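To start, the structure under review is shown below, and the notes come after it.
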Amino acid sequence: QVQLVQSGAEVKKPGASVKVSCKASGYIFVDYYMHWVRQAPGQGLEWMGIINPSGGSTTYAQKFQDRVTMTRDTSTSTVSMELSSLRSDDTAVYYCARDPTLVGAGNYLFDYWGQGTLVTVSS
Amino acid sequence: QSALTQPRSVSGSPGQSVTISCTGTSSDVGGYKYVSWYQQHPGKAPKVIIYDASKRPSGVPDRFSGSKSGNTASLTISGLQAEDEAAYYCCSYAGSYTLIFGGGTKLTVL
């Protein structure tokens, strides 16, 4: 069965960086895009970016262009998202979410989600 | 890029139908058929209920339906049940491998 297992909660100080990982299992890792989505406390969902695990190409939301880096490790079927220059308003639950576009099972949707990783930014 | 526009809240009684709108622009909702809808219960990860504007994943009840006209997509939930009380989010492809979410709608089942 498909599983996306994310790394644990983090507490960071303003200005620091955080790296969240997402280990995939139960499917062919390189056949599905992966996205990162975040949700601040009590707020809505916000799309951060996409990575193609096959070649590693990425596209980021303009808002995060200068601060986010998404990478993948095909040997461990893991994608990671690093956000730098953290601010208090980066406090949120960060989700990885699988996208089946490449296998023709729908277009630009999120069919499986990780359990979420709470990142708290506080001095 | 601003979030897609959804009503903050909607409500309905059990058995009734409700419709949630999601308005964007010709650069996102109006330009592509790639609108998806997600249901999120408190403390849980979102779950896809509609994709490609009107398709339903297996396992999603046919009480949930989606449509799109111009720059507006809609989610209709018929035969409301207590378990449908949740937050609902639309999401649209916006070109060049980018996506955008709506602000979310809280559905209350009276």
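FYI, it's all coordinate maths here, none of it is from the lab. Computed from a prediction, not measured in an experiment: that's the story for all the values here. With ideal geometry, Cβ positions are generated from the backbone for all residues, glycine too; neighbour counts draw on all protein chains shown.
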### Task
Have a look at chain A and give its Rg and Dmax from the Cα atoms, expressed in angstrom.
13.8, 45
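Over the Cα atoms of the stretch A:30-90, Rg to Rh with Kirkwood Rh, two decimal places?
Numbers: Rg = 12.3 Å, Rh = 12.4 Å.
Taking Rh as the inverse mean 1/r over Cα pairs, Rg/Rh reads 0.99.
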### Query
Can you give the three extents of the C-alpha atoms in chain B along their principal axes, from longest to shortest, in whole Å?
40, 26, 26
### Query
So what is the diffusion coefficient of the protein assembly as shown in µm² per second by Stokes-Einstein at 10 °C and 1.306 mPa s, using a Kirkwood Rh over Cα pairs?
88 µm²/s
### Query
Does anything in the stretch A:75-110 have its amide N under 11 Å from the 7 Å Cα→Cβ label point of B:D62, and if so which residues?
none
### Within the stretch B:15-44, backbone nitrogen closer than 15 Å to the virtual label 7 Å beyond the Cα of B:S78 toward Cβ
B:15-20
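Can you give the charge dipole size of chain B about its Cα centre, rounded to the nearest 20 debye, using +1 on the beta carbon of Lys and Arg and -1 on the beta carbon of Asp and Glu? All intermediate terms of the calculation are to be shown ahead of the outcome.
On the way: 9 positive and 6 negative charges, 16 e Å.
Dipole size: approximately 80 debye.
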### Task
In whole Hz, with x marking every Gly and Pro, tabulate ³J(HN,Hα) for the stretch B:60-76 from phi via Karplus 6.51 cos²θ - 1.76 cosθ + 1.60, θ = phi - 60°.
8, x, 6, 5, 9, 9, x, 8, 8, 9, x, 8, 10, 9, 9, 10, 10
### Task
With a cut-off of 15 Å, note down the residues of the stretch B:58-72 whose backbone N falls inside the zone around a label point 7 Å from the Cα of B:K33 toward its beta carbon.
B:66-70
#### Entry: Efficiency of FRET from Cβ geometry, A:E10 and B:L110, R₀ 35 Å, rounded to 0.05
0.30
